[in-house]
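Student: The structure follows.
What follows draws every value from the coordinates through simple rules; no lab data is involved. Small disclaimer: the values here were computed from a predicted structure and weren't measured. Glycine gets a Cβ as well: all are built from the backbone with ideal geometry, and neighbour counts include every protein chain shown.
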Amino acid sequence: MLNKKEKIFFLVFFTAFLASGIYLMVSSYLGGTMVAPANGGILREGILGQPRFINPIYAASNDVDRDLVNLIYSGLFKYDSAGEIVPDLVREYSIENDGKLYNLTLKENIVFHDGEPLTADDVIFTIKTIQSPDFKSPIQAKWLDVKAEKVSQYQITITLKNAYPA
C-alpha cells in the first residue's frame, strides 16, 4: 500500500505523463495533416460599389470593374503568388531589341466563352480597340505607341516605341 506522499507523487507523475501523451498525439496529428481546399463548390466574391463596365478595356476606370475583370477574364500575362509576371494565355515568349520587341505565342487550346478559339487576330483586335479614340479606354495612352503584328494564327509580334521600365 502507498502512503499519502507516494500517492501524490504517483498522481502528479501520472497526470504529467498523460498530458505529455495527449500533447504529443495532438501535435503529431496537426503537424502531419494539412487543410486542403475541396474541388468544386461555389466561390463568392464580395465587392463594394457598383460595376459600370465589366470589360477589360474599361476596367481601369474603377476598382469594382478591375476586381471583376480579374476574376472573369484571362490576360496575356498575370501575376503569380510571389508578384512575378508569368504567362497566362501566352504559351511562350521572347523579348528582344532591348525590351522593345515582344514575340508571343498563344496557347492553342484556349477558347472564348462561346467556344470560339483565341487567335492572334483577337489579341490584335483588342489592342486596336484600346488604341481607338472611339472607345475612350482609360488605358489608351499607354497603348498608343504600341504596334501589334500577326505572324501566324497563334503568334504575335508587339513592338514598343520605348522599352517598358523594369
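Student: Let me make sure I get this right: for the stretch 74-160, a, b and c are the square roots of the gyration tensor eigenvalues over alpha carbons, sorted descending. Under 1.5 in a/c it's rounded, otherwise prolate if a/b > b/c, else oblate. Which is it? Please report the intermediate quantities before stating the final value.
Tutor: Working: a/c = 1.30, a/b = 1.09, b/c = 1.20.
Taking the square roots of the gyration eigenvalues as a ≥ b ≥ c, the stretch 74-160 is rounded.
Student: While we're on this one: Sequence-distant or interchain residues sharing an amide H contact under 5 Å with R91, placed H: which?
Tutor: Residues meeting the criterion, in which the H sits 1.01 Å from N, are T105, L106, K107.
Student: If I build a Gaussian network model for the chain, linking alpha-carbon pairs within less than 10 angstrom, which residue out of F13, F125, F53 has the largest mean-square fluctuation?
Tutor: So, out of F13, F125, F53, the one fluctuating most is F13.
Student: Further question on the same structure: Charges on Cβ only, +1 for Lys and Arg, -1 for Asp and Glu, centred on the Cα centroid of the chain; of I130, L71, G31, which one is farthest towards the dipole's positive end?
Tutor: Final value for the positive-end residue is G31.
Student: Next up: Can you return the lysines within cross-link range of K107? Criterion is Cα-Cα under 24 Å, with same-chain partners fewer than 8 residues away left out.
Tutor: Within the straight-line cut-off, K107 pairs with K78, K128, K147, K150.
Student: Same structure, new question: Can you compute 3J(HN,Hα) from phi for each residue in the stretch 53-64, using the Karplus curve 6.51 cos²θ - 1.76 cosθ + 1.60 with θ = phi - 60°, rounded to whole Hz and x for Gly and Pro?
Tutor: Running phi through 6.51 cos²θ - 1.76 cosθ + 1.60 with θ = phi - 60° gives 10, 8, 9, x, 5, 10, 4, 5, 6, 7, 5, 4 Hz.
Student: Among G115, G99, G75, which one shows the highest mean-square fluctuation when the chain is modelled as a Gaussian network with alpha-carbon springs under 10 Å?
Tutor: G115
Student: In debye, nearest 20: dipole of the chain around its Cα centre with unit charges on the Cβ of K, R (+) and D, E (-)? If you can, show how the numbers build up before the last one.
Tutor: On the way: 16 positive and 19 negative charges, 176 e Å.
That gives the chain a dipole magnitude of about 840 debye.
Student: Which residue, chosen from L11, V90, N103, occupies the Cα position most advanced towards the positive end of the dipole of the chain, where the dipole is computed from +1 (Lys, Arg) and -1 (Asp, Glu) charges on Cβ about the Cα centre?
Tutor: L11
Student: Follow-up question, since we're still on this one. For R91 and F9, calculate 0.36 nm times their separation in residues minus their Cα-Cα distance, and state this gained length in nm to one decimal. Don't skip to the answer; put the middle values down first.
Tutor: Working: separation 82, 0.36 × 82 = 29.52 nm, distance 7.01 nm.
Result: 22.5 nm gained on full extension.
Student: Go through the stretch 93-99 residue by residue and turn each phi into a ³J(HN,Hα) via Karplus (6.51, -1.76, 1.60, θ = phi - 60°); whole Hz please, and just put x for glycine and proline.
Tutor: Here the 3J(HN,Hα) series is 8, 9, 10, 10, 6, 6, x Hz.
Student: Another question, then. How far, in nm, would the chain grow between A16 and M34 when pulled straight, counting 0.36 nm per residue and subtracting the alpha carbon separation? Walk me through the intermediate numbers first.
Tutor: Details: separation 18, 0.36 × 18 = 6.48 nm, distance 2.84 nm.
Here the answer is 3.6 nm.
Student: What does the C-alpha gyration tensor say about the overall shape of the stretch 3-66? Classify as rounded when a/c is under 1.5, otherwise prolate if a/b is larger than b/c, or oblate. Display every interim value, and only then the final one.
Tutor: Values: a/c = 7.00, a/b = 4.29, b/c = 1.63.
Since a/c reaches 1.5 and a/b is larger than b/c, the shape of the stretch 3-66 is classed as prolate.
Student: So what is the relative contact order for the chain, in percent, with contacts set as C-alpha pairs under 8 Å and at least six apart?
Tutor: Over the chain, the number comes to 15 percent.
Student: Between rounded, prolate and oblate, where does the chain land on the alpha carbon gyration tensor, with a ≥ b ≥ c its root eigenvalues, rounded for a/c under 1.5, else prolate if a/b exceeds b/c? Write out the running numbers ahead of the final one.
Tutor: Values: a/c = 3.59, a/b = 2.96, b/c = 1.22.
Prolate is the answer for the chain, as a/c is 1.5 or above and a/b outweighs b/c.
Student: Tell me the label-point distance for the pair K142, T159, using the 7 Å Cα-to-Cβ offset, in nm and rounded to one decimal.
Tutor: Reported label-point gap for K142 and T159 is 2.3 nm.
Student: Just grab the label-to-label distance for N109 and E149, each label 7 Å out from Cα along the Cβ direction, in nm (one decimal).
Tutor: About 3.2 nm, to one decimal.
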